[in-house]
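The values are calculated or read from the model by the stated rules, or taken from the named source; none is laboratory data. Source: prediction; values computed, not measured. Cβ atoms come from the backbone with ideal geometry, glycine included; neighbour counts cover every protein chain shown.
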């Protein structure tokens, strides 16, 4: 484990950005977003970003290829470029866990080469939550906010930043800045337990996940509660766009006047035209679409992934849903909690 004083942090950030682009959570105009480091910015060391770090590995839209036709001959143009190395600094434990869920989708055969390349080139430096938000409930899903994963884990304690490599990539990255940091005893962070206590004390941290799982399809699918839960849903898709684990997308072709441009863009199971084909949409009501989203998080995904849930408790849907129809409300209603 290494450490450095917070007053020396700008020197570390400058050294990182000289080697590769550095992105941090920056507060601006009332929002917190991952932004390229420039110096003099308001770095948000507490709370979570409005959008997750998922964008860096699975962007909202990306070009997959171009097609060019000359007569009867069609040429496929590979528009990919090797991604440059980059650093994501200050990723919260919930978002780091979400990368495991995305990996299980995009790195399972057949491997999504676009996603895989970005994951290979990205260095994830996580930051433990020493002041979690009241909407956070990652501990309900077994995530330790005081001991995050990632290539390198970081903790803020007083006026000191501690850094610990978790992976071989993280060891190589951290070793490059030995001259800016100094060794630290593993027992130097005395407030780890205090962090855990703060997270576990949050109201939503005690959500009952035990009643859900991959074997509960028959238990929840036909419950009448879905009607009352979904009746106010606008189908706006906000919950899916701020969710760090949602991975649905659509592929569209555009005629540019010089050929065809094929794009991949995020999609939402909450939309009426989601997966719509010639015969129509298999889920024709908002009730069915609403049920699909939460059954996937709490039943379908764990059924295929050894009991791991498709939610990491980041709390973004709690903050952003205009109708307060978030996953915590669904879990409490279906689980018959007070």
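I'm trying to understand the selection: among the residues of region 11-28, which are under 20 Å from residue 184 (Cα atoms) and under 27 Å from the mean Cα position of the chain (by Cα)?
Step one: list which residues in region 11-28 are under 20 Å from residue 184 (Cα atoms), which gives 11-13.
Of everything in region 11-28, those that are under 20 Å from residue 184 (Cα atoms) and under 27 Å from the mean Cα position of the chain (by Cα) turn out to be 12, 13.
So which of 35, 46 is without any contact (Cβ under 8 Å) to a residue 60 or more places away in the chain and under 30 Å from residue 194 (Cα atoms)?
35
Go over the candidates 290, 309 one by one and state the one that is under 19 Å from residue 143 (Cβ atoms) and buried (at least 16 other Cβ atoms within 10 Å of the Cβ).
309
Conditions tested, residue by residue: (1) closer than 24 Å to residue 44 by Cβ; (2) buried (at least 20 other Cβ atoms within 10 Å of the Cβ).
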site	(1), (2)
110	no, no
122	yes, yes
125	yes, yes
140	yes, yes
144	yes, no
149	yes, no
153	yes, yes
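One residue is enough: does region 21-28 have a residue meeting the conditions modelled with pLDDT under 90 and loosely packed, with under 13 Cβ neighbours inside 10 Å?
No, that holds for no residue.
Specify the residue that is farthest from the chain's Cα centre (by Cα); the eligible residues are those in region 323-338 that are part of a loop (DSSP other than H, G, I, E, B) and under 19 Å from residue 236 (Cβ atoms).
Looking at residues that are part of a loop (DSSP other than H, G, I, E, B) and under 19 Å from residue 236 (Cβ atoms), I get 323.
All but one of (1) under 26 Å from residue 329 (Cα atoms); (2) more than 14 Å from the chain's Cα centre (by Cα) hold for residue 100, so report the exception by its number.
Looking at each condition in turn, residue 100 falls short on (2).
Matching residues to (1) more than 24 Å from residue 167 (Cβ to Cβ); (2) in contact with a helix residue (DSSP H, G or I) (Cβ under 7 Å, 6 or more places away or on another chain); (3) surrounded by 12 or more Cβ atoms within 10 Å (Cβ to Cβ):
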site: 2; (1), (2), (3): no, yes, yes
site: 16; (1), (2), (3): no, no, yes
site: 37; (1), (2), (3): no, yes, yes
site: 41; (1), (2), (3): yes, no, yes
site: 65; (1), (2), (3): yes, no, yes
site: 78; (1), (2), (3): yes, no, no
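Regarding residue 58, is this residue modelled with pLDDT of 95 or more, under 19 Å from residue 247 (Cβ atoms), under 21 Å from the mean Cα position of the chain (by Cα) and surrounded by 15 or more Cβ atoms within 10 Å (Cβ to Cβ)?
Spelling it out, residue 58 is indeed modelled with pLDDT of 95 or more, under 19 Å from residue 247 (Cβ atoms), under 21 Å from the mean Cα position of the chain (by Cα) and surrounded by 15 or more Cβ atoms within 10 Å (Cβ to Cβ).
Of all residues being outside any loop (DSSP other than H, G, I, E, B) and within 15 Å of the chain's Cα centre (by Cα) in region 124-141, which is nearest to residue 314 (Cα to Cα)? Just the residue, please.
The extreme case among them is 138.
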